[in-house]
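Here's the structure we're looking at; comments come further down.
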Amino acid sequence: MKKRKIVAYSFGALIAIGIGLYITGLGGRLLMSGIGAIAGPPGDFDPTNVVTPAPDYSLIENWAAHPDTSDPADLSPEGVTVPGQGDLPIDVFFVHPTGYLTPISWISPMDLDSGTEENIDWVMANQASAFNGCCNVYAPRYRQANIFAYFGSEEERESILGFAYQDVKTAFEYYLNNYNNGKPFVLASHSQGTHHSMHLLSDIIDSSDLYERMVAAYLIGAVNIPLSPEWFAEMENIKPCNNASDLGCVIHWDTMPDGGSVIERPAPSVCTNPLAWSLGEEAASVEQHAGIVIPQHSYNLFFSGSEDTAQGKIFDSLAAQILGLTGAQCRDGTLFVERLEDPAFGESGIAGASYHLFDYNVFYMNIHENARLRSETFLSAQ
């Protein structure tokens, strides 16, 4: 049994390294395609075989963050005071990234006692909470795609992501009809959540009156699916943000440590520098860094076997921000920062090649302050 666990752990570590390489394009896609064929969920994806029923968004347990509950998105860094949730004139609809890493099935079972949903609580604490101060935070749980969906063919990936997107779309429509009450809103997301949010923008928001109520869209960490000039050209209204107070526009970056590689994509992708909130490749200085927030816990990285057990992590606080740790510069669509010394940023194997998991943490206070600025700018223009 002990030998089996060691083998599983070693294989999981190999997958973690492969994912880091996949993100950068350093041969990792070929490696992960092979590993995915061996270690991914059994069989081909068939939506008729998904046994988990569609979530009922009238049930509060199907929201990872909601103003009427006490949840990790309510946290703020030590020493940072924020207004109470539910009392703010602007909402944020936050779409979480992939937390389902265990190759049991192609679609997550939405088990609230699982390691997967514990990962989503990690996301609420370390990402969604950055908007606690400007906005009432709404974040649906959904039948998310397994991480292995990204390592097969584009057709397979789009089929599985398309299934997950239907939950996100349903949640967004429920939010609009039952919670929003005509308020302005921010759209925010990360990774898989960004891929779904791209569809919310192009399918629902851009050509409707919702666009007039959208403060901004923080679509972070899209990695290999680019927010390309062609994607923006298909929309009537939505463009990339050009400065710190632009409204009705999109913000995006993918974070890499200096010395890492530019992310390889099938098309160019917009890169916003979150220290200056500008496009282009001019470097922003360390003096513009408003503060990093170190994660309280690590992410559950169950890449092999059938384990998806919650680890008993309690998300009840955030560390004080640490100011002035890094400058930042966009180069060829990738955002580069200094290599960070804290062990939290090198623990996962992914972080050895990429800071994808920490796209929000590294710029936490810049995001927090900018979301408040854009919200105040929007309200003052009304």
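Mean-square fluctuation check for the chain, GNM, Cα pairs under 10 Å: which of VAL270, VAL223, VAL80 is largest?
Largest GNM mean-square fluctuation: VAL80.
Please figure out what share of the DSSP beta bridges in the chain is antiparallel and state it in percent, rounded to the nearest 5.
Working: 11 of 32 bridges.
Counting DSSP beta bridges with both partners in the chain, the antiparallel share is about 35 percent.
Any idea what the dipole of segment 2-380 comes to, in debye rounded to 20, about its Cα centre with Lys/Arg Cβ at +1 and Asp/Glu Cβ at -1?
760 debye
Obtain the nm distance between the two label points defined at THR69 and SER285 by a simple spin-label model: each point lies 7 Å from its Cα along the Cα-to-C-beta direction.
4.5 nm
Counting other C-beta atoms within 10 Å, which of LEU59, LEU275, LEU112 has the fewest, and how do the rest follow?
Ranking LEU59, LEU275, LEU112 by Cβ neighbours within 10 Å, fewest first, gives LEU59, LEU112, LEU275.
Just to confirm a number: summing +1 for Lys and Arg and -1 for Asp and Glu over residues other than ASP91 whose beta-carbon lies under 10 angstrom from that of ASP91, what do you get?
+2
Put +1 on the Cβ of each Lys and Arg and -1 on the Cβ of each Asp and Glu in the chain; which of ILE225, LEU101, LEU373 then has its Cα farthest toward the positive end of the dipole?
LEU101
Mind checking which aspartates and glutamates have their C-alpha under 13 Å from LYS239, skipping anything on the same chain fewer than 8 residues away?
Within the straight-line cut-off, LYS239 pairs with ASP206, GLU230.
Aspartates and glutamates near LYS183 by alpha-carbon distance under 13 Å, same-chain residues fewer than 8 away left out - which ones?
The qualifying aspartates and glutamates are ASP87, ASP91, ASP209, GLU212.
Along the charge dipole of segment 159-311, which of SER208, PRO268, CYS249 sits closest to the positive end, that is, farthest toward it, with unit charges on the beta carbon of Lys, Arg, Asp and Glu (+1, +1, -1, -1)?
Looking along the dipole axis, the top candidate is SER208.
What nm distance separates the two modelled labels at LEU373 and ASP87, each placed 7 Å from Cα along Cα→Cβ?
Computed distance between label sites LEU373 and ASP87 equals 2.5 nm.
Which order results if ILE322, ILE225 are arranged by neighbouring Cβ count within 10 Å, fewest first?
Sorted ascending by nearby Cβ count, the order is ILE322, ILE225.
What's the exposure ranking of LYS239, LYS169, going from fewest to most Cβ atoms within 10 Å?
So the residues, fewest neighbours to most, are LYS239, LYS169.
Calculated FRET efficiency, ASN242 and ILE60, Cβ-Cβ r, R0 56 Å, to nearest 0.05?
0.90
Helix hunt in the chain: which complete DSSP H runs extend at least 20 Å axially by C-alpha with mean Kyte-Doolittle at least 1.6?
Long hydrophobic helices here: none detected.
Can you give the extra length, in nm with one decimal, that the chain gains between GLU264 and ASP46 once fully stretched, where that is 0.36 nm per residue apart less the Cα-Cα distance?
75.5 nm
For the chain, just list the percent of Cα-Cα distances falling in each 20 Å bin from zero outward, please.
Taking every Cα pair in the chain, the percentages come to 30, 62, 7, 0.
For the chain, what relative contact order do you get, as a whole percent, if you take Cα pairs closer than 8 Å and at least 6 residues apart?
Averaging sequence separation for qualifying contacts and normalising by length gives 21 percent for the chain.
Values in this text are rule-based calculations from the coordinates and carry no lab data. Predicted model only: the values in this text are computed from it and were never measured. Glycine also receives a Cβ, built like all others from the backbone with ideal geometry; neighbour counts cover every protein chain displayed.
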